[in-house]
1. From the phi angles alone, apply the Karplus equation (6.51, -1.76, 1.60; θ = phi - 60°) to segment 22-27 and give each ³J(HN,Hα) in whole Hz, x where the residue is Gly or Pro.
2. Contour minus end-to-end for residue 11 and residue 43, with contour as 0.36 nm per residue of separation and end-to-end as the Cα-Cα distance?
3. For a quick protection proxy, order the peptides 35-48, 87-100 by their average other-Cβ count within 10 Å, most packed first.
4. Any idea of the accessible area per residue across the chain, 1.4 Å probe, to the nearest Å²?
5. Of the heavy-atom accessible surface of the chain (probe 1.4 angstrom), what whole percent is carbon and sulfur?
6. Can you pull out the trypsin sites (Lys or Arg not before Pro) in segment 1-51 that DSSP calls coil and that have at most 12 other Cβ atoms within 10 Å?
7. Run the simple label-point estimate for residue 32 and residue 120 please: 7 Å along Cα→C-beta, distance reported in nm.
8. Among bridges DSSP assigns within segment 26-178, what percent are antiparallel (round to 5)?
Amino acid sequence: KPSGGYAYYNDGKLTLNNYSYEGKGYLYNSSKGDCAVIYSENDLTLELIGNNTLTQTESNSDMIYVFGAKLTVGGDGKLTGTAGGYGLYTDKGITINGGTIEVSTYRTSIISSGDVIINDGDITAESENYAAIFSDYDVTVNGGNVTVTGGNWAIDYSTGFTVAEGMKIQASTTVDGE
């Protein structure tokens with residue numbers, strides 16, 4: 001592992017330690033020009049240490065995209081990110097177990113074709129035009145502090161939305177009361 005800020009991958013786990021990246025990242029769909037700063041086709045665990053920043057510079061491209069697999073985020077660090085597309089995007093489910101996550105996107109900030117589960121952490125998700133958090137199945141908040149601002153919906157889901165007893169979520173939209 002290098003000293004200073006770094007990203008280190010080993011056996012399905014990507015550790016971000018005071019890491020900063022600005023650019024288009026990996027081109028995963030050349031016919032559409034879709035890119036992601038972090039891209040994986042396998043289950044991925046993201047460990048946050050220190051202050052980390054991911055900035056997607058391509059319009060309509062993603063910050064993190066886990067294709068056909070699950071994403072788990074944890075650690076005691078912070079991830080600040082921006083994208084013209086999606087923020088944290090996965091096909092099989094997202095679980096957030098800790099850390100501070102601040103994501104600002106044009107599209108949905110946290111999106112999954114599976115469940116979205118927040119067990120702990122300080123989550124701030126802002127979407128300019130879409131829901132801040134979206135799941136094709138369930139959104140479950142078991143712990144942490146969650147603040148969401150969506151363009152049309154704060155949180156959108158297809159099958160269920162569960163908030164553990166005693167939990168509070170701050171949610172708003174930017175739509176003008178139509």
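The values are calculated or read from the model by the stated rules, or taken from the named source; none is laboratory data. Everything numeric in this text was worked out from a predicted model, so none of it was measured. For neighbour counting, all protein chains shown are included, and Cβ atoms are generated from backbone atoms with ideal geometry for every residue, glycine included. Areas reflect the complete protein model, heavy atoms only, side chains present, ligands, DNA and RNA absent. Shrake-Rupley method; radii C 1.70, N 1.55, O 1.52, S 1.80 Å.
1. Once θ is set to phi - 60°, the couplings for segment 22-27 become 9, x, 8, x, 8, 7 Hz.
2. On the way: separation 32, 0.36 × 32 = 11.52 nm, distance 1.00 nm.
Going from the current span to full extension adds 10.5 nm.
3. Working: 35-48: 19.9, 87-100: 22.4.
Listed from highest to lowest mean packing, they are 87-100, 35-48.
4. Heavy-atom accessible area per residue stands at 48 Å².
5. Details: 3490 of 8620 Å².
Taking all protein chains in place, the chain shows 40 percent carbon and sulfur surface.
6. Details: sites: 13, 24, 32; in loops: 24, 32.
In loop regions of segment 1-51 (DSSP not H, G, I, E or B), the sparsely surrounded trypsin sites (Lys or Arg not before Pro) are 32.
7. 3.6
8. Working: 3 of 64 bridges.
Close to 5 percent.
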